[in-house]
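In what follows, a single structure is set out as structure tokens and then discussed.
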Amino acid sequence: MLTSTSLRHFLSAHPAAICAELTAVRGSSPRESGAFMLIDTDHTLGTVGGGALEYLVIGRARQVLRDGLPGDALDIPLGPEIGQCCGGRVEVGLRLVGDALAARLVAKIEAQEAARPHVYLFGSGHVGRALARALALLPLRVHVVDTRPEELAGLPEGVEARAVALPEAVVRSAARGSCYVILTHDHALDFLIAGEALKRDDAPYIGMVGSKTKRARFASWYLGEGGDRGALDRLALPIGGQAFPRGLGDKRPEVIAALAAAEIMVQIGRREARAASIERVTVTRVGAVDGR
């Protein structure tokens, strides 16, 4: 995954590089407009979609470097001509990376990183660690929260470790749109954290590791404490069940983590799609009122 750190390292190690950016996309394409990759004579970073498209782009970028040109532009059909069947067409800009372009690329990735959804994992046991490893590969800001500082050592790079005495307080102070996955060593603590998370109507995903029996016990406790029955429906318990409703019967931490990671990304994607749809409708209506 392209990060601001990996981008800076590449630019430092390979100062004579070409930035290949999709400047226009028509029809079906493996990547969106604005996607970019860096290419030098022997190395690449990022991707514009892979396959024959990327092979052509890399070849032309290296020819530009050999010829000492400042850049080039390509118009590539994603069809039989290049051995692909996407059916769309892309325009690719090739530019030698200078200081201004390097700064723009770093700023772009930093902005994307700042906008990534937060996912809080409560508990650094076997499932918590496996899920942290799975989520660390995705465009998310992952936090692992535990009451036991010694359990937070050795988490994947880029994952924030937080040792706190009151994990439920983390839920109250979390950024809007955060996700919460509850996997602690203490069922009572699980219940407290989940109760706080269900008060957040902005959470795309709230999940708890456990069984159907644990769900029934939590529901009894939660409703007995005055919790909202409608909010209870938002709790994924067991985690991973939405990704594979019939279940796999496989309780290995890595398998649970894979299903839960898919479940989390689906719910984040649905929330983002709804927000984008609302924004488009709002812009259209404002434009109509203003006569634009």
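The values are calculated or read from the model by the stated rules, or taken from the named source; none is laboratory data. Computed from a prediction, not measured in an experiment: that's the story for all the values here. A quick note on method: Cβ atoms are made from the backbone with ideal geometry, for glycine too, and the neighbour counts reach across all protein chains shown.
Within the stretch 249-267, one or more residues are among the acidic types (Asp, Glu), surrounded by 10 or more Cβ atoms within 10 Å (Cβ to Cβ), over 20 Å from Pro204 (Cβ atoms) and at pLDDT 70 or above.
Pairing each residue of the stretch 103-129 that is touching a residue at least 24 places away in the same chain (Cβ under 8 Å) with any residue that is surrounded by fewer than 16 Cβ atoms within 10 Å (Cβ to Cβ) and hydrophobic (A, V, I, L, M, F, W, C), provided the two are 6+ apart or on different chains, yields C-beta distances under 7 Å for His118/Ala175.
One residue stands out among those in the stretch 220-236 that are more than 28 Å from the chain's Cα centre (by Cα) and within 13 Å of Asp190 (Cβ to Cβ): the one that is surrounded by the most Cβ atoms within 10 Å (Cβ to Cβ), which is Tyr222. Any chance the stretch 77-85 includes a residue that's in a strand (DSSP E or B), surrounded by 15 or more Cβ atoms within 10 Å (Cβ to Cβ) and more than 27 Å from the chain's Cα centre (by Cα)? Yes: the stretch 77-85 contains one or more residues that are in a strand (DSSP E or B), surrounded by 15 or more Cβ atoms within 10 Å (Cβ to Cβ) and more than 27 Å from the chain's Cα centre (by Cα). When restricted to residues that are in a helix (DSSP H, G or I), at pLDDT 90 or above and either more than 17 Å from Gly93 (Cβ to Cβ) or among the aliphatic types (A, V, I, L, M) (or both), the stretch 37-62 contains 5. Here Ile193, Ile206 are screened, and the one residue that is closer than 22 Å to Gly125 by Cβ, free of Cβ contacts under 8 Å to residues at least 60 places away in the same chain, surrounded by 19 or more Cβ atoms within 10 Å (Cβ to Cβ) and touching a helix residue (DSSP H, G or I) at 6+ places or on another chain (Cβ under 8 Å) is Ile206.
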